[in-house]
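The values are calculated or read from the model by the stated rules, or taken from the named source; none is laboratory data. Predicted model only: the values in this text are computed from it and were never measured. In this analysis, Cβ positions are derived from the backbone assuming ideal geometry, glycine residues included, and neighbour counts consider all displayed protein chains.
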Amino acid sequence: MAAAEKQAVTGAGPFNDLLTWIDQRFPLMETWRKHLTEYYAPKNFNFWYYFGSLALFVLVIQIVTGIFLTMNYKPDAAQAFASVEYIMREVPWGWWIRYMHSTGASLFFICVYLHMFRAMLYGSYRRPRELLWIFGVLIFLCLMAEAFFGYLLPWGQMSYWGAQVIVNLFDAIPVIGPDLAIWIRGDFVVSDATLNRFFAYHVIAVPLALLALVVAHLLALHEVGSSNPDGVEIKNVKDPKTGRPLDGIPFHPYYTVKDTFGVVVFLIVFSMVVFFAPDAGGYFLEHNNFIPADPLKTPAHIAPVWYFTPYYSILRATTDDFVLWVLAPGVVAFALLLIWSMKKNSTRMTVGVTAIVLLAGLLNLDAKVWGVVLMATSVMIFFFLPWLDRSPVKSIRYKGPITKTALTLFVIVFFVLGYLGTESVTEGRTLAAQIGTAVYFLFFFLMPWYSKIDKCLPEPERVTSK
Amino acid sequence: MSDQSQVNRSRRSLVIASACAGGAAAVATSVPFAASMLPSERAEALGAPVEADIGQLNPGEKMTVEWRGQPVWILHRTKEMLEEIERTDGKVADPKSERKKGELTPEYARNEYRSIKPEYLVVVGICSHLGCSPQDRLKPGPEAFESQWTGGFYCPCHGSLFDLAGRVYKNKPAPDNLKVPPYTYLSDTRILIGEDKKKA
Amino acid sequence: MKALVVLLALAAQLALAAEEPVRLDSAPIDPRDVASLQTGARSFVNYCLNCHSAGMMRYHKLLDLGLTEQQVKENLLFTTDKIGELMNVAMTRKDAKEWLGTAPPDLSVIARARGPDWLYTYMRSFYRDPESATGWNNMVFEHVAMPHVLWTLSGQQVQEERKFKNMEQAEAVGRQQKNAWKIDVLTPDQAGKDGERFILKTIRTETAGSLSQIEYDIMVRDLVNFMTWMSEPNQITRKQVGYVVMLVLLVLLVLTYLLYKEFWKDVH
């Protein structure tokens with residue numbers, strides 16, 4: 001009833017009549033206004049704010065190219081490798097579609113990593129954007145799953161042994177691990193059954209979850225509003241007459257034209273890879289993956305694709321010595337620190353007991369288990385960022401020297417771990433990876449303290465530049 | 001005021017220019033995607049011309065060869081069969097193969113017997129109605145579907161009839177004669193199906 | 001900040017410490033050199049295709065190398081008479097395993113797995129080794145199962161070892177080699193009294209083959225050129241399309257930039 005009483009859109013003419021007809025039955029103009037023309041975004045977005053829309057754009061590329069790839073790909077251990085080459089050689093324009101998909105995978109991660117780094121720079125995860133951030137980390141997890149399942153599909157040596165290694169991580173879980181790993185594979189080794197089910201996950205299960213999460217992420221964003229490089233809330237200062245934020249501008253047309261420009265710049269970089277260096281020196285398409293999967297022969301040097309290598313380094317860094325000399329003392333020190341800063345006796349008790357249980361585990365279970373735990377933690381820890389950061393300000397612009405150093409160190413360590421993960425193991429490299437792992441975790445675990453004591457500058461009332 | 005309209009004018013032309021360029025680029029991008037759904041090189045290789053050896057084919061016998069995944073019939077017609085064809089001229093819809101000339105009947109087969117050499121009929125055995133493959137009813141004699149049957153082919157799907165030259169009977173669901181593929185004689189006993197003489 | 005610098009320095013050092021067992025010669029290939037590709041195709045069909053398949057490659061694709069259908073049929077089709085067929089071998093994998101100990105790998109995309117430099121060096125690095133089953137060994141791929149198929153062309157090579165006191169000297173001599181070379185480093189205990197720890201391994205031609213070394217190198221170059229082309233036959237098209245796309249994108253870049261600046265005039 002209410003819908004039927006809605007006003008006509010504007011003016012007359014057949015097009016507007018049609019709009020009115022739709023609008024009385026579906027909230028078209030309302031959605032358009034709410035999410036585009038009357039969604040007010042801060043006017044001071046900088047370079048870092050391109051990557052959200054770019055990630056969405058890559059998602060579209062991946063879905064479209066993915067649909068066309070499934071038209072010719074065969075999820076069958078006997079045919080998969082050849083069917084990919086068939087796409088590359090015999091399907092008209094198949095090479096282009098495949099290269100877009102393989103390049104898109106890597107660029108998706110680049111966009112998402114930069115998007116996440118933006119959030120860390122400007123405190124975009126802080127209250128009231130905690131849930132927005134959590135949806136984002138869930139998207140990141142889905143993306144990792146999507147990339148992992150997809151990487152098995154070409155059925156090359158790296159596909160095969162990469163999947164073998166990662167599935168065997170589950171083997172490390174006490175008691176249920178070995179059965180769980182068999183259940184995941186559907187066989188005793190990675191095989192045709194594994195390929196077939198990974199295909200199902202890759203083309204439908206994970207993408208559905210991913211899309212749903214993207215919608216949730218956007219809805220949450222439009223509920224709380226975008227953050228900005230100054231980390232101040234534009235909703236706090238509104239025009240008394242119109243009720244619009246003084247520092248906000250309508251997303252459409254201002255950010256749609258800006259992001260369109262961003263998309264073209266992105267497409268130039270994307271096309272340079274797709275047309276002139278599709279394997280990106282072995283980083284986007286690994287050389288060994290042009291050898292068909294051979295379950296009897298592991299290649300001399302296996303490494304995951306670059307976007308997984310930081311976590312892979314952490315996995316490999318976790319040796320018996322590392323558990324004994326770094327992890328165990330780390331747990332003790334961290335427990336003492338917690339007990340020292342907690343006031344309630346009951347929480348102190350809980351921390352103490354947890355630490356003792358952990359310590360017992362550390363000294364009794366294999367390092368293999370702890371490698372897996374550390375690797376999982378290194379990703380999951382991102383969920384807790386909104387509560388770890390206790391700085392009075394949001395943006396790096398007003399944070400103190402400790403936080404700035406910590407973030408710089410974290411970025412460097414992330415790159416170093418990433419680099420080490422692509423290389424084979426030597427003693428020196430393991431040591432470096434262990435130092436890196438320690439720094440990686442210290443960045444997060446000490447954040448509640450250093451972010452609090454850091455000498456911050458006062459936040460401005462309104463956004464600063466432009 | 002004039003300032004404002006100046007701004008709006010340049011803005012509008014930029015929007016139009018960008019939209020046109022972007023739209024053209026988007027259309028151009030969609031072409032390769034659409035093209036990827038055309039037959040691949042493998043499909044084309046499988047669809048290459050095929051050779052058939054008709055040396056062993058006795059008069060009155062029919063053989064089937066596969067060309068582009070379709071059955072191609074080669075029928076060695078007897079003298080009696082050829083005479084029957086002349087007699088069915090009145091019953092068939094397009095006795096002189098005049099419909100869709102280039103597509104259905106190559107010029108060299110546009111004659112009474114729809115073939116290069118009268119004895120050998122070469123047609124694609126797919127009904128022109130909805131794509132079923134008709135059955136052989138080569139012997140003349142009364143049939144359930146036609147009391148004065150003079151021999152030919154019967155389509156089980158919707159009852160279309162074709163004579164021994166692949167010509168469709170009048171008043172049947174199928175609109176056209178059976179398709180004669182491009183073919184050529186490599187020698188007296190070998191036929192190449194899928195390629196005309198002029199091309200080779 | 002100090003920790004940072006240390007960490008960076010450490011990473012840089014690690015990168016340098018990466019060892020490379022055999023120095024690969026860079027293959028002087030050119031995917032646009034049609035004559036070389038055609039010669040390479042002929043060598044590939046004559047020498048490789050007897051045991052190795054290129055099962056993802058269709059003979060028909062060879063027309064892209066500027067050959068006519070007739071030329072391909074007359075000079076390059078041995079295992080089949082249809083130009084639409086894949087470049088397969090008659091031997092089954094099972095037979096191959098029985099006869100040769102291991103099934104020869106399919107070579108369609110081997111150049112993307114190994115790289116042209118590896119292939120170029122490998123084909124020029126066989127040497128006589130009485131201890132191996134085939135009588136041959138290879139500098140790049142030790143104990144390789146494949147015998148040296150081209151030895152009548154290249155002649156017979158043997159491996160030579162020379163000892164040096166330091167790495168620089170050994171490398172200097174190594175760099176003058178026309179073929180593959182590598183340096184084994186002994187621990188001080190293993191080395192003799194004179195302390196010569198660096199063993200430079202090279203190969204030397206003992207009996208000449210029907211081709212001179214230069215001719216043989218050119219032949220291998222052409223073969224590797226063909227194999228590299230075959231590993232991605234669309235690579236030339238890919239780049240050509242790329243230039244057009246880049247041009248269009250540059251136009252769009254200018255337009256969208258102007259559009260962006262035009263609208264943002266409103267924002268103060």
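Once the stretch A:85-100 is narrowed to residues that are in contact (Cβ under 8 Å) with a residue 60 or more places away in the chain and more than 7 Å from every other protein chain (Cβ to nearest Cβ), the residue that is farthest from A:Thr65 (Cα to Cα) is A:Tyr99. Checked against (1) over 15 Å from the mean Cα position of the chain (by Cα); (2) surrounded by 14 or more Cβ atoms within 10 Å (Cβ to Cβ); (3) not in a loop (DSSP other than H, G, I, E, B), B:Ser147 passes all but a single condition, namely (2). Only one of the numbered conditions (1) modelled with pLDDT of 90 or more; (2) farther than 23 Å from A:Phe170 by Cα is violated by A:Lys344, and that is (1). Going by what's in this entry, would C:Thr152 be described as more than 22 Å from A:Phe290 (Cα to Cα) and without any contact (Cβ under 8 Å) to a residue 24 or more places away in the chain? In short, no. Of the residues making up the stretch A:436-466, those that are within 12 Å of chain C (Cβ to nearest Cβ), of a type in the set (A, V, I, L, M) and either within 19 Å of A:Val232 (Cβ to Cβ) or buried (at least 19 other Cβ atoms within 10 Å of the Cβ) (or both) number 2.
The listed residues are A:Val189, A:Val214, A:Val203, and the only one of them that is more than 14 Å from every other protein chain (Cβ to nearest Cβ) and not in a helix (DSSP H, G or I) turns out to be A:Val189.
Residues that are under 12 Å from the mean Cα position of the chain (by Cα) and aliphatic (A, V, I, L, M) do not occur anywhere in the stretch B:136-144. Can you pull out the residues in the stretch A:63-81 that are within 14 Å of chain B (Cβ to nearest Cβ) and in contact (Cβ under 8 Å) with a residue 24 or more places away in the chain? Across the stretch A:63-81, the qualifying residues are A:Ile63, A:Thr65, A:Gly66, A:Phe68, A:Leu69, A:Thr70, A:Tyr73. Within the option set A:Glu130, A:Glu146, being within 30 Å of A:Leu296 (Cα to Cα) and either among the acidic types (Asp, Glu) or modelled with pLDDT of 95 or more (or both) holds for one residue only, A:Glu146.
I'm checking my understanding of the structure. Among residues of the stretch C:86-124 that are closer than 20 Å to C:Tyr216 by Cβ and away from chain A (no Cβ under 14 Å), which one is surrounded by the fewest Cβ atoms within 10 Å (Cβ to Cβ)? Looking at residues that are closer than 20 Å to C:Tyr216 by Cβ and away from chain A (no Cβ under 14 Å), I get C:Tyr122. Tell me which residues, restricted to the stretch B:150-179, are touching a Ser or Thr at 6+ places or on another chain (Cβ under 6 Å) and outside any loop (DSSP other than H, G, I, E, B). The answer is B:Asp163, and nothing else. Checking the structure you have, find out if any residue of the stretch C:215-226 is at the interface with chain A (Cβ under 8 Å from one of its Cβ atoms), buried (at least 19 other Cβ atoms within 10 Å of the Cβ) and among the acidic types (Asp, Glu). No, the stretch C:215-226 contains no residue that is at the interface with chain A (Cβ under 8 Å from one of its Cβ atoms), buried (at least 19 other Cβ atoms within 10 Å of the Cβ) and among the acidic types (Asp, Glu). Of all the residues in the stretch C:68-79, those that are in a loop (DSSP other than H, G, I, E, B), under 26 Å from the mean Cα position of the chain (by Cα) and either surrounded by fewer than 19 Cβ atoms within 10 Å (Cβ to Cβ) or touching a residue at least 60 places away in the same chain (Cβ under 8 Å) (or both) number 3. Per this entry, C:Asn50 is counted among residues that are surrounded by fewer than 17 Cβ atoms within 10 Å (Cβ to Cβ) and modelled with pLDDT under 90.
A:Val263 - would you say it is assigned to a helix (DSSP H, G or I), within 14 Å of chain C (Cβ to nearest Cβ), surrounded by 16 or more Cβ atoms within 10 Å (Cβ to Cβ) and under 23 Å from the mean Cα position of the chain (by Cα)?
Working: assigned to a helix (DSSP H, G or I): yes; within 14 Å of chain C (Cβ to nearest Cβ): yes; surrounded by 16 or more Cβ atoms within 10 Å (Cβ to Cβ): yes; under 23 Å from the mean Cα position of the chain (by Cα): yes.
Considered against the rule, which asks whether it is assigned to a helix (DSSP H, G or I), within 14 Å of chain C (Cβ to nearest Cβ), surrounded by 16 or more Cβ atoms within 10 Å (Cβ to Cβ) and under 23 Å from the mean Cα position of the chain (by Cα), A:Val263 comes out as yes.
Among the residues of the stretch A:300-343, just one is within 24 Å of C:Arg114 (Cβ to Cβ) and over 29 Å from the mean Cα position of the chain (by Cα), namely A:Ala300.
Report whether or not C:Phe126 is hydrophobic (A, V, I, L, M, F, W, C) and modelled with pLDDT of 85 or more. Yes; evaluated as a whole, the condition is true for this residue. Just checking, how many residues over the stretch A:283-299 are modelled with pLDDT of 90 or more and either within 10 Å of chain C (Cβ to nearest Cβ) or crowded, with 19+ Cβ neighbours inside 10 Å (or both)? Selection size over the stretch A:283-299: 11.
Within the stretch A:416-432, none of the residues are basic (Lys, Arg) and surrounded by fewer than 20 Cβ atoms within 10 Å (Cβ to Cβ). Note on the stretch C:231-268: among residues that are closer than 25 Å to C:Ser43 by Cβ and touching a Lys or Arg at 6+ places or on another chain (Cβ under 8 Å), the one that is farthest from the other protein chains (Cβ to nearest Cβ) is C:Ile236.
Going by what's in this entry, would A:Ser227 be described as of a type in the set (Gly, Ala, Ser) and closer than 30 Å to A:Phe251 by Cβ?
Yes; evaluated as a whole, the condition is true for this residue.
Could you look through the stretch A:300-359, keep only residues that are surrounded by fewer than 18 Cβ atoms within 10 Å (Cβ to Cβ) and of a type in the set (Phe, Trp, Tyr), and pick out the one that is farthest from A:Asn289 (Cα to Cα)? Only one residue tops the list, namely A:Trp340. Name the residues in the stretch A:235-260 that are crowded, with 16+ Cβ neighbours inside 10 Å, over 15 Å from A:Thr37 (Cβ atoms) and over 27 Å from the mean Cα position of the chain (by Cα), would you? A:Asp247, the sole residue that qualifies. With respect to the conditions (1) surrounded by 15 or more Cβ atoms within 10 Å (Cβ to Cβ); (2) at the interface with another protein chain (Cβ under 8 Å from one of its Cβ atoms), B:His76 falls short on a single one, namely (2).
May I ask you to list the residues in the stretch C:81-98 that are touching a Phe, Trp or Tyr at 6+ places or on another chain (Cβ under 8 Å) and closer than 12 Å to C:Val45 by Cα? The answer is C:Met87, and nothing else.
Okay, residues lined up against (1) in contact with a strand residue (DSSP E or B) (Cβ under 9 Å, 6 or more places away or on another chain); (2) among the hydroxyl-bearing types (Ser, Thr, Tyr); (3) on the phi < 0 side of the Ramachandran plot; (4) modelled with pLDDT of 95 or more:
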residue: A:Ala3; (1), (2), (3), (4): no, no, yes, no
residue: A:Asp17; (1), (2), (3), (4): no, no, yes, no
residue: A:Asp23; (1), (2), (3), (4): no, no, yes, no
residue: A:Leu36; (1), (2), (3), (4): yes, no, yes, no
residue: A:Ser53; (1), (2), (3), (4): no, yes, yes, yes
residue: A:Leu59; (1), (2), (3), (4): no, no, yes, yes
residue: A:Ile97; (1), (2), (3), (4): no, no, yes, yes
residue: A:Phe109; (1), (2), (3), (4): no, no, yes, yes
residue: A:Ala119; (1), (2), (3), (4): no, no, yes, yes
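Any idea which residue in the stretch A:402-428 is nearest to A:Gly162 (Cα to Cα), counting only those that are touching a Lys or Arg at 6+ places or on another chain (Cβ under 9 Å) and within 10 Å of another protein chain (Cβ to nearest Cβ)? Applying the filter and picking the extreme gives A:Glu423. With the requirement that a residue be among the β-branched types (Val, Ile, Thr) and at pLDDT below 90, what does the stretch B:29-53 give you? B:Val50, the sole residue that qualifies. Give the residue that is nearest to A:Tyr151 (Cα to Cα), with candidates limited to residues of the stretch A:266-282 that are at the interface with chain C (Cβ under 8 Å from one of its Cβ atoms) and aliphatic (A, V, I, L, M). Once the filter is applied, the top-ranked residue is A:Val274.
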